[in-house]
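The values are calculated or read from the model by the stated rules, or taken from the named source; none is laboratory data. Owing to the predicted nature of the structure, the values given are computational and were not obtained by experimental measurement. Note that each Cβ is placed from the backbone with ideal geometry, even for glycine, and that neighbours are counted across all protein chains shown.
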Ligand code: GLA
């Protein structure tokens, strides 16, 4: 993994705000001009650059019905549909007999209604003729059971035989639609989920390990296989881990799974790129509510033009912080704007209790996505199939073909998206603060949580929420992301810190950044072996301190320091300092005798920056103090400043203008004071001194000037 060099980074001086704004505007203009091709555009001037849409399955309905559906979509200001990702048996009823004309007719009809099309490759659900003739294309689960036809995700992601069939159908689609003016993009498969444990995949794992380690000696040493006499004499002795195992083996298997999905995807990307115009983007819709860690999302999105994810609430109400963080996570996969390829039109069918979002909440959710960098939001689904496993799922149109109650709310969103498209075009969230999340560290802790209550997502949100409440834009990024321009970098659970990663982080600090490491940081190296320096591994020396011992907690430990007092749960690390300028920020109170009065947080100036290490999971209020201290110390500039509770402010920056999206996630009206000079995008005209946002209400304002064309 190569790490981008860090540019010069100065601490905040009084005049820096104006210089900072100018710098940002200049940087954005340069960035936008050079690096981000504009995706998601067809030739139709009526299709705006901010898209609202739905998943549509014309193969499930009589062709005579299509016109009415597309007219209803147009009436709801929908301008994009995704089609085809489950249509293999209709596209290829028997081997080598392709039937694509119906899809061509559906696309022409969509075009007539100013609706652009994203084609999904149908490889998540192979037809019965394929798997019955080639059972090796079916996945085998960890218990050795081979999957059967009748559902989906039954395919074997590693099967070379399956890939031949996938590439064949995808090539047919790309040859036919690669130059179609109304086709703006492709989605590979659907929500990559389950790997396979068949003998063929096991052989491929061995080959993968051999390419990585070259010799069994280096593998045995990296995994310390002398332990429990695990030593391997032949590659084919190495198991596919099903339940637990050597941490080195487990981590490498996860990397193998990520690489295998990437090559599965790559085969289809190559087939599409062979025929399709470069303007047609290629993505895949990432499921698992964004946070799933079946495989590495950074690795998988590397080969894609844009990232997209499926944003569902499931049961209950929108968790504003969690959902915002998942958008920022999705944006961080490729560090650019993304798509919400699927989201719920009110309700789903797979949650324990499939509650429906309150009126207005679907709109608030759509605008939250846009505020965090989404350039398109698509509902799953337009209309539930009359039969099949998802008859109860939320939809816009009922079995009779007429709108369901949610249709009107989505139509309003569509109208507003059209109004706001011009203002949002070419803008993206720009952050001064980043949170580093790596899959190596997530997996390493998941393999050995050591405390069943250890909640990595909960801890991430404890770092994230105070930043968002203070109105800061937050990037969530991977280990190799360039750290330039960030005043503050937080790493809540960076368990795996290799020497390379340490060098990358240290360079950032030395050039003026403030790095705040969280608990369990730097315990492991890239082989998931213990770092001999103790925590935080290669960063012990620059930190001027280390972790003497970690303690899993089943109770509460008091803690106090310059920034306040509070409690610690789940995990506490006894820290020590070895450098005179390493400052103790917090000490534990009376506890288990080991932690009593020991350092819980230390911080040290290093180069032009600072490294801090917080070895405890603090209560949210005290965490808020720590984050606010770190942000101030790092010179993070206020973006919009404090707003009423329950109101979220999102900022997107363009070459010559800035857009603010205000969303009242509360259940009562909220009053928001506004600076002068803002332009009201949804209602026109200059903004008043303040607005009263209704419950779930949204307002969009801009500063600066922009082209008024909606595309
Ligand atoms: C996923 C899938 C869709 C559909 C929805 C239901 O995200 O991609 O095909 O099953 O869930 O919520």
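Given the options 617, 643, name the one that is in a loop (DSSP other than H, G, I, E, B) and in contact with a strand residue (DSSP E or B) (Cβ under 6 Å, 6 or more places away or on another chain). Outline the logic, then answer.
Working: 617 fails: in a loop (DSSP other than H, G, I, E, B).
Step by step, each of 617, 643 is checked, and only 643 is in a loop (DSSP other than H, G, I, E, B) and in contact with a strand residue (DSSP E or B) (Cβ under 6 Å, 6 or more places away or on another chain).
Each residue in the stretch 478-494 was checked for being farther than 25 Å from residue 450 by Cβ and in a loop (DSSP other than H, G, I, E, B), and 8 pass.
For the subset of the stretch 179-195 comprising residues that are away from the ligand (no atom under 16 Å from the Cβ) and in a loop (DSSP other than H, G, I, E, B), which member is nearest to residue 239 (Cα to Cα)? Going through the qualifying residues, I end up with 195. Select from the stretch 552-563 the residues that are within 33 Å of the chain's Cα centre (by Cα) and either part of a loop (DSSP other than H, G, I, E, B) or crowded, with 16+ Cβ neighbours inside 10 Å (or both) and list them in ascending order. Within the stretch 552-563, 553, 554, 555, 556, 563 meet the criteria. Listed by position, the helices (runs of 4 or more DSSP H) enclosed by the stretch 61-134 that each have at least 3 residues that are modelled with pLDDT of 95 or more, in contact with a strand residue (DSSP E or B) (Cβ under 9 Å, 6 or more places away or on another chain) and surrounded by 18 or more Cβ atoms within 10 Å (Cβ to Cβ) are 66-75, 101-112.
Can you work out which of the residues in the stretch 23-60 that are under 30 Å from residue 93 (Cβ atoms), modelled with pLDDT of 95 or more and within 27 Å of the chain's Cα centre (by Cα) is farthest from the ligand (Cβ to nearest atom)? It would help to see each step written out before you state the result.
Quick first cut of the stretch 23-60, residues under 30 Å from residue 93 (Cβ atoms) only: 42, 53-60.
Adding the requirement that they be modelled with pLDDT of 95 or more leaves 53-60.
Narrowing further to those that are within 27 Å of the chain's Cα centre (by Cα): 53-57.
Numbers: 53: 14, 54: 12, 55: 7, 56: 12, 57: 10 Å.
If we take residues in the stretch 23-60 being under 30 Å from residue 93 (Cβ atoms), modelled with pLDDT of 95 or more and within 27 Å of the chain's Cα centre (by Cα), then 53 is farthest from the ligand (Cβ to nearest atom).
For the stretch 358-375, check the following and say yes or no: at least one residue is in a strand (DSSP E or B), touching a helix residue (DSSP H, G or I) at 6+ places or on another chain (Cβ under 9 Å) and away from the ligand (no atom under 13 Å from the Cβ). Within the stretch 358-375, one or more residues are in a strand (DSSP E or B), touching a helix residue (DSSP H, G or I) at 6+ places or on another chain (Cβ under 9 Å) and away from the ligand (no atom under 13 Å from the Cβ).
Taking the stretch 382-409 as the range and being within 14 Å of the ligand (Cβ to nearest atom) and surrounded by fewer than 12 Cβ atoms within 10 Å (Cβ to Cβ) as the test, only 388 passes.
Among the listed residues 237, 277, which satisfies the condition of being more than 16 Å from the ligand (Cβ to nearest atom) and free of Cβ contacts under 8 Å to residues at least 12 places away in the same chain?
On the way: 277 fails: free of Cβ contacts under 8 Å to residues at least 12 places away in the same chain.
The conditions single out 237.
Scanning the stretch 148-178 for residues that are without any contact (Cβ under 8 Å) to a residue 24 or more places away in the chain and either surrounded by 18 or more Cβ atoms within 10 Å (Cβ to Cβ) or part of a loop (DSSP other than H, G, I, E, B) (or both) yields 148, 149, 150.
Which members of the stretch 521-547 meet the condition of being within 22 Å of residue 452 (Cα to Cα) and touching a strand residue (DSSP E or B) at 6+ places or on another chain (Cβ under 7 Å)? Steps first, answer last, please.
Step one: filter the stretch 521-547 for residues within 22 Å of residue 452 (Cα to Cα), giving 521-524, 528-530, 535, 547.
Matches in the stretch 521-547: 521, 523, 524, 528, 530, 535, 547.
Would you confirm whether or not the stretch 269-288 contains a residue that is more than 22 Å from residue 121 (Cβ to Cβ) and surrounded by fewer than 20 Cβ atoms within 10 Å (Cβ to Cβ)? Before you say what the answer is, go through the steps one by one.
Step one: of the stretch 269-288, the residues more than 22 Å from residue 121 (Cβ to Cβ) are none.
Scanning the stretch 269-288, I find no residue that is more than 22 Å from residue 121 (Cβ to Cβ) and surrounded by fewer than 20 Cβ atoms within 10 Å (Cβ to Cβ), so the answer is no.
Of all the residues in the stretch 426-454, those that are over 21 Å from the mean Cα position of the chain (by Cα) and either surrounded by 22 or more Cβ atoms within 10 Å (Cβ to Cβ) or part of a helix (DSSP H, G or I) (or both) number 1. I need the full set of residues from the stretch 532-547 which are more than 21 Å from residue 617 (Cβ to Cβ), part of a loop (DSSP other than H, G, I, E, B) and touching a helix residue (DSSP H, G or I) at 6+ places or on another chain (Cβ under 7 Å), in order please. Listed by number, the list holds a single entry, 533. Evaluating residue 346 against the criteria (1) over 22 Å from residue 697 (Cβ atoms); (2) buried (at least 23 other Cβ atoms within 10 Å of the Cβ); (3) within 13 Å of the ligand (Cβ to nearest atom); (4) in contact (Cβ under 8 Å) with a residue 60 or more places away in the chain leaves one unmet condition, (1).
Annotation note: of 483, 457, the sole residue that is touching a helix residue (DSSP H, G or I) at 6+ places or on another chain (Cβ under 9 Å), surrounded by fewer than 20 Cβ atoms within 10 Å (Cβ to Cβ) and either modelled with pLDDT of 95 or more or farther than 25 Å from residue 651 by Cα (or both) is 457. Consider the stretch 67-91 and keep the residues that are more than 19 Å from residue 46 (Cβ to Cβ) and in contact with a helix residue (DSSP H, G or I) (Cβ under 6 Å, 6 or more places away or on another chain). The one that is farthest from the ligand (Cβ to nearest atom) is 90.
If you scan the stretch 331-343, which residues turn out to be within 13 Å of the ligand (Cβ to nearest atom) and out of contact with any helix residue (DSSP H, G or I) (no Cβ under 8 Å at 6 or more places or on another chain)? Steps first, answer last, please.
Taking the stretch 331-343 as the starting set, the residues that turn out to be within 13 Å of the ligand (Cβ to nearest atom) are 340-343.
341, 342 - these are the residues of the stretch 331-343 that are within 13 Å of the ligand (Cβ to nearest atom) and out of contact with any helix residue (DSSP H, G or I) (no Cβ under 8 Å at 6 or more places or on another chain).
Scan the stretch 624-643 for residues that are touching a helix residue (DSSP H, G or I) at 6+ places or on another chain (Cβ under 6 Å), surrounded by fewer than 22 Cβ atoms within 10 Å (Cβ to Cβ) and modelled with pLDDT of 95 or more and the total you get is 1.
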